[in-house]
Every structure is written in C-alpha cells, then in structure tokens.
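Read through the structure below, which is laid out as structure tokens, and then see the notes.
The values are calculated or read from the model by the stated rules, or taken from the named source; none is laboratory data. For clarity, every value in this text was computed on a predicted model and none was experimentally measured. A quick note on method: Cβ atoms are made from the backbone with ideal geometry, for glycine too, and the neighbour counts reach across all protein chains shown. Note: accessible area is taken over every heavy atom of the protein model, side chains too, but ligands, DNA and RNA are not part of it. Shrake-Rupley method; radii C 1.70, N 1.55, O 1.52, S 1.80 Å.
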There are 2 protein chains.
Amino acid sequence: MSRLVMKFGGTSVANLDRIRRVAKRVGVEVARGHEVIVIVSAMSGKTNELVGWVTDAAGPFYDAREYDAVVSSGENVTAGLLALVLQENGIDARSWQGWQVPVMTTSAHSSARIEDIPTDNFDARFAEGMKVAVVAGFQGISPEGRITTLGRGGSDTTAVAFAAAFGAERCDIYTDVDGVYTTDPRITSKARKLDRIAFEEMLELASLGAKVLQTRSVELAMRYKVRLRVLSSFEEMGDNAGTLVCAEEDIMESNVVAGVAFSRDEAKMTLVSVADRPGVSAAIFGPLSEAAVNVDMIVQNIAEDGRTDMTFSLPVDQVARAQKAMEEAKAAGVINFHDLIADTGVSKVSVVGIGMRSHTGVAARMFKALSDEGINIRVITTSEIKISVLIDRKYMELAVQALHDAFGLESA
Amino acid sequence: MSRLVMKFGGTSVANLDRIRRVAKRVGVEVARGHEVIVIVSAMSGKTNELVGWVTDAAGPFYDAREYDAVVSSGENVTAGLLALVLQENGIDARSWQGWQVPVMTTSAHSSARIEDIPTDNFDARFAEGMKVAVVAGFQGISPEGRITTLGRGGSDTTAVAFAAAFGAERCDIYTDVDGVYTTDPRITSKARKLDRIAFEEMLELASLGAKVLQTRSVELAMRYKVRLRVLSSFEEMGDNAGTLVCAEEDIMESNVVAGVAFSRDEAKMTLVSVADRPGVSAAIFGPLSEAAVNVDMIVQNIAEDGRTDMTFSLPVDQVARAQKAMEEAKAAGVINFHDLIADTGVSKVSVVGIGMRSHTGVAARMFKALSDEGINIRVITTSEIKISVLIDRKYMELAVQALHDAFGLESA
C-alpha cells in the first residue's frame, strides 16, 4: 500500500475546529487507499508561550535539554488530539511522540539533527490495520535518552525525514499559502502559482526569503529525492493543488527563469582602498563573522597600486555591528582602509531558474530590463541558477515587476 | 546521604513566581544535606484545559491512551521549568518525565497503578553530584510503551511511590493547607492542627472527606511505611510545620480520638418490609452498585414475621439513581418491599482515633454528648477506629462542635 506523509503547521491546528478540518483532509487520503503518516506542529501560540516561560524561568543561558523537554510538549498535545478526532471519524489512528517512534537525533539540543528513524514499529502497526500514525513534529530523542528539538523549521524537517525513511509517495506540507509563486503576489498581481519547481530553485528561493519552506527541509528532500508538495490547508484540495517541489528531471518543460525573489532591507558596505595582499579577505570577513554579521554578496574591485575596494552586502540591522567590528579590526592593525562607506538604502532582487544552466543570455536580458526602467545596478553576483543584483530600495517593486514581465512569468 | 521526596501540587506551581518559591524551599533542603526528589503537578488550570480539549475532540468514549498522552504534558512543562529555576539558583538539577525514569505502570490508562520504579538511574546521577531530580507526577509508562496517567490524586501517589522506592527519610506533600486538623476550622475555631496522625486515622479522615491527601497515597504510604508530611507551600517552613502521617508506633501519646470528621450532603434510604431471606442483601446492593450508587452505611433491623427494614446511606445527588434502580428491581421481581423512604436531609459525623482500640466507652461518650445537645441519632455504624452517626443536617455543626469539646480536642 502506498504511504503518504502529510504535515500541518501551527495555524492549521490552531484550535479544535481546525484540527477537525485537518482530520477530514487526512480522511480523504485514507479513503484513497493511502497509509498516512501525519506530522503536526503545536497549536499556534503554544510554542511561544512555552518558550516565554523557559526564558522567564532561566534567562538567556538556559539548559537546552530542559528547554527541549518543556517546548516539545506543545506538539504532543496536538498529536493526541488529532488521533482522537480521527478515531471519532472511524479511522484507526494513534499518536506517537518523538521518543516513541523513536526519532533518533544527535545530542545538539534545540538544533538536533535526525540520525535515524527505524520503520519496523510503524510497519508492524500498518500491517495490523492502522491507517494513520500521528507524529509530534519538531522533536526526537538523543543517544542519552533526553528529548531533543530540531530548531527552526523542525516540523517540516520531521515530515521530510519520515517520507524518506518510509519511502513515501509524496510529502504534503500544508501551510497558510497555497503554493510557491513566481514572485510575491503583493508586488505584482501577475504573479502566478507554479505547479512544479525544482529542489535547487526552491532552495535559492527559500534562502532569498520566500518563507514557504525551511531551507533545511528542502535540502533533505533533495538529498533523499522526496517529492514535496506545498499546499494550503485553508482551501479545497484538488489533484493539482499547491506546488510540487521535485527533482529537475520530473519537470518536463521548465521556463528559463522560475521566479523572481527579493530581499528588501539590505545594506551595502564598502571598505575604500584596502591593501590588496593575500589574507586580506580573511582579515575582513573573520571579524565580521565573529560579530555574527551575515555577509551575503561580496565584490572586490580590480586592484590599482596594490590597493583595492571591497564591497559586501548585509542585512540593514547588522550595519552598526559590522562598522564596529571593522573599526576595531583597523584599530588593532588587522586591516587597513581609508574609508568605510555604508549604504543602508538598497534591496536585492534575484532571478532563479535551472534553465539558466542551458540557456545563455539570461544576465543580459535581466540587465536590459532593469536599464529600460532606468534602474542602476550597484552590485551583481551570479551562481549557476541565480543572478542577484543590489539596487536602490525605491526601485525594488519596479524591478521585480519588470523582471517578471521580461521573463514571461505571467503565462506558464 | 539522606533522600527526601517533596511534592508540590498545582496551586503551588501555578505560575513562575510560585515555581521560584518552590525552588527556594527545595534549596533549603539541599542545603541541609538532602538529595531531593521533587514531584510536581501541572500548573493549576492546565490539566483542566487539556482535559477539556480531549472531551471536545472525542466526546465521552475517548481512547484513554490518547487522553493520557495529551493530559500528561502539563506535568512535563512544570518539571522542566522547575529544573531550570533550580539550575539558575546554582543547584545541580534535571527533569524526568515518567517514561524516562521509568515509572513502570499497568496498562489501565487514566487509572494506572505503579508497578515498579527502578532506582539505578537516579542513584547513578546522585552519585555523580546531582542534587535534585524533578519528576513529572501523575504519569508513567505501560508495558506497551504508551504513556499512562494514574488518575485522581496521582501526583501524591507518585510521590509516595518514589519515597518507598528510594527509602526516603520522609515524603513532604506541599499543599494549600498547613496540615491535618482535629476538625474543619470553618466549623469550630477550636480546631487544632495535629502534629502527628496515624496512617489508619488519616485513611478514615481522607475517606470521610478531609481532602488533604488522596486515600490512595495514604494506603501506599502505610503499606511501605513512608513517613508522609502534609504542609503548606504558602507559609514559612519550620521543623514542626505541617502534620506527620506515620505509623502508630511513632506516636507517643495519642488522644483516644484524633479528630471529628463529617460529610454534609448525605441521604438515607429505607426499604420498608423486605423479605428477610438469604440473598436479599445481594439482591438490593447488586442493582445499586450497577447503577454506580456509592452506598456507605448499611443497617438492617431485626426481622419480624420474616420481613425486615433495610436502611442505607448514600450521597444526596445519587438518590434519584438509587430510587430508579430499586423500582426497576422490584418491577423485575428481584426484590420485594412495601415502601421506599428517602430522607435527603441528613449528614454524617464521625469520630476517628486509634486510641479506641484500647479505650472503652468512646461510643457512650459520643452518644451522651449528642444527646446532651438534643440531637437524635438516625443510624450508627462502627469500625475498629471510627464511630459514625447519621443525624439531621441542621444539627451537623452543633454535633461537630459538641464532639470536639467532649473529646478534649482543643488542647493537645
């Protein structure tokens, strides 16, 4: 019998009415003949309440093992309640907490990695007639027998890991959006839901701020070739609902560009006239890393007279920290520059698509579209399937709209 | 090193401030050189919230295994939070959920019995320097690996079971009253807190409605000779705080009567002119038991002409159920009686004391005290250490006061 993994996030299980709606959806898949593993989050708000208590109880340097023991309880409640509602609907179901499966993880509390999910336990139950296993997401058990949690996006990761372990036909991630779009519909009404997107594209979009799926779960899905479907738990189910995130070869005809992503609140920093010698990059980015600055794009100008300009982008709210780190490094004699210029008025816009691998001219088309609108490009970086530019923030919406048009994303 | 078990109920851990106060008390015992096992309940209100969700989700015929999985989460939260606060106070502490200890129970979900608590796990940790083990009360794990809960009074029972398993010097039950009284102080201001009370006496008092300790935990303490102390978590600790519930031989000088208990809302039912033949009692009390009527006192009059009157007491709110059961049994020809008289205006008053075993005349003194006040006795029953009477409800307070005086309970 085919196995299906379904994952429901906090807003989808926020109260009993919504849990009943979830049970109905699960029931439809059972009626279709699937054996279903359902992964649930805590009811929305519950995890924050628990985290609040922990930080109130212990301040910032709490014991992560106790944090995990407390915070994991939210998912346990949802799992039990959903199992009860499924039983009410006449479906053979039971709940499992992480340690009962067991979901075996590392000991890195609050950010544990899943190491193994033995399948014999569920296999035996399914063979006995169980139709649905409801699993508390986001949690596992360490080799020491303590409860662990997986950190941000943990329930998505749990779902993908179960799909991989059980060879599930598909892993459906129910959320509050109905799929992955060519760009944010709030920026242009021409944005179109994608039926399919490749893992690599999804990864680039996720890391660019399209918060539909956690990067980590997409990486895991890609590694184990788990077909992921993102769909809304608030709309009617259809066979073509949502967006399927899948391997490149499962996408027959793909556009050169799948989507246009953006990140609004970026800053650009330039160290003017840095000595161009081996080790200078390490001297600059070492202190920034220690100051927990997330450097994104890096551009180094051509050197003249043994000196160069070094430009990098970073989130706006990390500029002060970065400046401090650079001034201190200068004072300590680690680096030397004439001037430090920060521009906090930029945004990043990117086009992403696996088609770029086989199509040339994508960059030229992008730059022309921006130029036609009179938008000046501050910094450019490229990867195999992505081209990103930094531009003045006031042009961001315009740039997204222009690129969406230029690559014909409105029509499939 | 001596071991101490401390148990804190829901109101004692209702919020973080109270949990901090609990941590302070635990710290005092650690400073005194104890290794401490703390049993905690869920924050007050939390268990009701969880139970409400379960019954909303599943109606009356829910799967008790899922109920237990959901409801047990409340205690887990408190245990983790208390461990964190203790660590903040510099005390080596960690939390344990029932399955981690493990607290091994029967599979009778929602009313499981503790079968075993292996001690090696904690023993090893204490040897490594752990000072406090915080245990989520009320829960355990079944032979099938499912989470169980122990039912009403489960956390008291957990505490006593740990004290027995670890040979604890004492088991301190912190609650919202400061001990066991000679009678309810709301009835007479002369009521006096007892420093010590025997297990047997406590059992009689508990089953009579003095709701300080659950009967079940007292029974367990008696069986394993666990010294139980009941004390308030809202008052200053002193060496003589609370009431010690202990074996008879640990009480040097005991009064003949330890206390006066009462149960206000009783009813009395009489079946007039029942055929007096073998099996008639079974014919009456079988149907009552099936109707879930809690029959307490039973009195049978002397038979005349082969017929007798049968009188029994029961809680007021079960009278309708009892009447229905009796009329149905009569209609079915199972029993035969001329009349059924229900009196819903009675209360039960009892004197309890192990001293009765060696002292005669207690009953006479009791009846005289009531007679002096003009109180008519409706029904009498006696046990080895208790005499109970049913009287008209309007005299209840007066009877309690008179008996409290008659047995000199005001002065130690």
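Output ³J(HN,Hα) for the range B:369-376: one whole-Hz value per residue in order, computed from phi by the Karplus curve 6.51 cos²θ - 1.76 cosθ + 1.60 with θ = phi - 60°, and x for Gly and Pro.
Using θ = phi - 60°, the values come out as 4, 5, 4, 4, 8, x, 9, 8 Hz.
Counting other Cβ atoms within 10 Å, keep those with at most 10, restrict to DSSP loop, and tell me which trypsin sites (Lys or Arg not before Pro) in the range A:132-196 are left.
A:Arg186
Over the protein assembly as shown, what is the percentage of antiparallel beta bridges among all DSSP beta bridges, to the nearest 5?
Details: 90 of 148 bridges.
Close to 60 percent.
For chain A, what relative contact order do you get, as a whole percent, if you take Cα pairs closer than 8 Å and at least 6 residues apart?
Here the relative contact order equals 14 percent.
For A:Thr382 and A:Arg357, calculate 0.36 nm times their separation in residues minus their Cα-Cα distance, and state this gained length in nm to one decimal.
Working it through step by step, the gained length comes to 7.8 nm.
What do you get for the angle between helix A:396-406 and the principal long axis of chain A? Use alpha-carbon atoms, 0 to 90 degrees, nearest ten.
Approximately 80 degrees, to the nearest ten.
Report, to the nearest 10°, how far helix B:319-331 tilts away from the longest principal axis of the Cα atoms in chain B, using its own Cα long axis and a range of 0 to 90°.
50 degrees
Hey, got the dipole for the protein assembly as shown? About the Cα centre, +1 on K and R Cβ, -1 on D and E Cβ, debye to the nearest 20?
Here the size comes out at about 320 debye.
Which value, in Å³ per residue, describes the convex hull spanned by the Cα atoms of the range A:260-406?
Per residue, the Cα convex hull of the range A:260-406 comes to 122 Å³.
Length gain on complete extension for the stretch B:Asn15 to B:Ala127, per 0.36 nm per residue less the alpha carbon to alpha carbon distance?
37.1 nm
Within a Cβ distance under 12 Å of B:Thr158, other residues only, what is the Lys/Arg minus Asp/Glu net charge?
+1
Taking Cα pairs under 8 Å and at least six residues apart, what relative contact order does the range B:15-159 come out at, in percent? Walk me through the numbers on the way to the answer.
Details: 255 pairs, mean separation 42.6, N = 145.
Relative contact order for the range B:15-159 comes out at 29 percent.
Hey, for A:Asn294 with labels 7 Å out along Cα-Cβ, what do the inter-copy distances come to in nm, ordered shortest first?
Reported distances to equivalent positions: 5.9 nm.
Rounded to whole Hz and in sequence order, give me ³J(HN,Hα) for the range A:285-297 from the Karplus expression 6.51 cos²θ - 1.76 cosθ + 1.60, θ = phi - 60°, writing x for Gly and Pro.
Values, residue by residue: 7, x, x, 5, 5, 5, 7, 6, 8, 8, 6, 10, 7 Hz.
Which Cα, out of A:Val22, A:Val160, A:Val70, lies furthest along the positive dipole direction of chain A (beta carbon charges, K/R +1, D/E -1)?
Highest projection toward the positive end goes to A:Val22.
Counting pairs on different chains as well as pairs 8 or more places apart, how many Lys pairs in the range A:324-386 have Cα atoms under 27 Å apart? List each step's numbers first, then the result.
Values: A:Lys324/A:Lys348; A:Lys348/A:Lys368; A:Lys348/A:Lys386; A:Lys368/A:Lys386.
Step by step, the pairs that qualify in the range A:324-386 add up to 4.
Given the whole protein assembly as supplied and a 1.4 Å probe, what does the accessible area of A:His34 come to in Å², nearest 10?
Accessible area of A:His34: about 20 Å².
With no solvent and one point per C-alpha, what does the Debye sum give as log10 I(q)/I(0) for the protein assembly as shown at q = 0.06 Å⁻¹?
-0.56
Which listed residue (B:Gly333, A:Val103, A:Val319) has the Cα farthest towards the positive end of the charge dipole for the protein assembly as shown, taking +1 on Lys and Arg C-beta and -1 on Asp and Glu C-beta about the Cα centre?
Result: A:Val319, furthest along the dipole toward the positive end.
Within chain A, what is the longest stretch that has no GluC sites (Glu not before Pro) placed in a DSSP loop and near at most 16 other beta-carbon atoms within 10 Å?
The longest uninterrupted stretch comes out as A:1-127.
Cα axis of helix A:215-224 to longest principal axis of chain A: angle in degrees, 0 to 90, nearest 10?
Around 70 degrees separate the two axes.
So how far, in whole Å, is the C-alpha centre of the range A:288-361 from the one of the range B:306-373?
Using only Cα atoms to place each centre, the spacing works out to 89 Å.
Which is the longest run of chain B containing none of the chymotrypsin sites (Phe, Trp or Tyr not before Pro) found in DSSP loop states (not H, G, I, E, B) with at most 15 other C-beta atoms within 10 Å? Walk me through the intermediate numbers first.
Details: sites that count: B:Phe61, B:Phe234.
Value returned for the longest uninterrupted segment is B:235-412.
Considering every residue in A:96-103, what mean count of other chain Cβ atoms within 10 Å of its Cβ is obtained?
3
Tell me the distances, shortest first, between B:Asp116 and the same position across the other copies, using label points 7 Å along Cα→Cβ, in nm to one decimal.
Label-point separations across copies, in nm and ascending: 2.6.
Run the simple label-point estimate for B:Glu144 and A:Asp392 please: 7 Å along Cα→C-beta, distance reported in nm.
So the two model labels end up 7.0 nm from each other.
Given charges of +1 on the Cβ of Lys and Arg and -1 on the Cβ of Asp and Glu, with all other atoms neutral, how large is the dipole of the range B:260-406 about its Cα centre, in debye to the nearest 20? Provide the component values of the computation, followed by the final result.
Values: 15 positive and 19 negative charges, 53 e Å.
Here the size comes out at about 260 debye.
Which whole-number percent gives the relative contact order of the range A:260-406, counting Cα pairs below 8 Å spaced six or more residues apart?
Values: 264 pairs, mean separation 45.3, N = 147.
So the answer I get is 31 percent.
Evaluate peptide A:45-55: per residue, the Cβ atoms of other protein chains within 10 Å of its Cβ; return the mean as an integer.
2
Measure up A:Lys46/A:Lys193; A:Lys7/A:Lys46; B:Lys7/B:Lys131 against 20 Å on the Cα-Cα distance and list the ones that go over.
Violating the 20 Å Cα-Cα cut-off are A:Lys46/A:Lys193.
From largest to smallest, what semi-axes in whole angstrom does the range B:1-141 give when each is the square root of 5 times an eigenvalue of its alpha carbon gyration tensor?
Semi-axes (√(5λ), whole Å): 28, 18, 10.
Write down the Å³ per residue value for the convex hull defined by the alpha carbon atoms of chain A.
165 Å³
Within a 10 angstrom radius of each residue's Cβ in B:243-251, how many Cβ atoms of other chains show up on average? Whole number is fine.
Details: counts 0, 0, 0, 0, 0, 0, 0, 0, 0.
Taking all residues of B:243-251 together, the mean is 0.
Scan chain A for the residue whose Cβ is closest to the axis carrying it onto chain B, then write down that distance in whole angstrom.
Nearest to the symmetry axis by Cβ: A:Ser73, 2.
How far apart, in nanometres, would the label points at A:Asp317 and B:Lys324 be if each is projected 7 angstrom from Cα along the Cα-to-Cβ direction?
6.2 nm
From the label point of B:Pro185, set 7 Å from Cα along Cα→Cβ, how far away are the matching label points in the other copies, in nm, ordered shortest to longest?
Output for B:Pro185: 6.5 nm, nearest copy listed first.
Using DSSP to define loop residues, name the trypsin sites (Lys or Arg not before Pro) in the range A:1-41 whose beta-carbon has at most 10 other beta-carbon atoms within 10 Å.
Passing sites in the range A:1-41 are A:Arg32.
Distance in nm between label sites at B:Tyr224 and B:Lys24, each 7 Å beyond Cα in the beta-carbon direction?
3.1 nm
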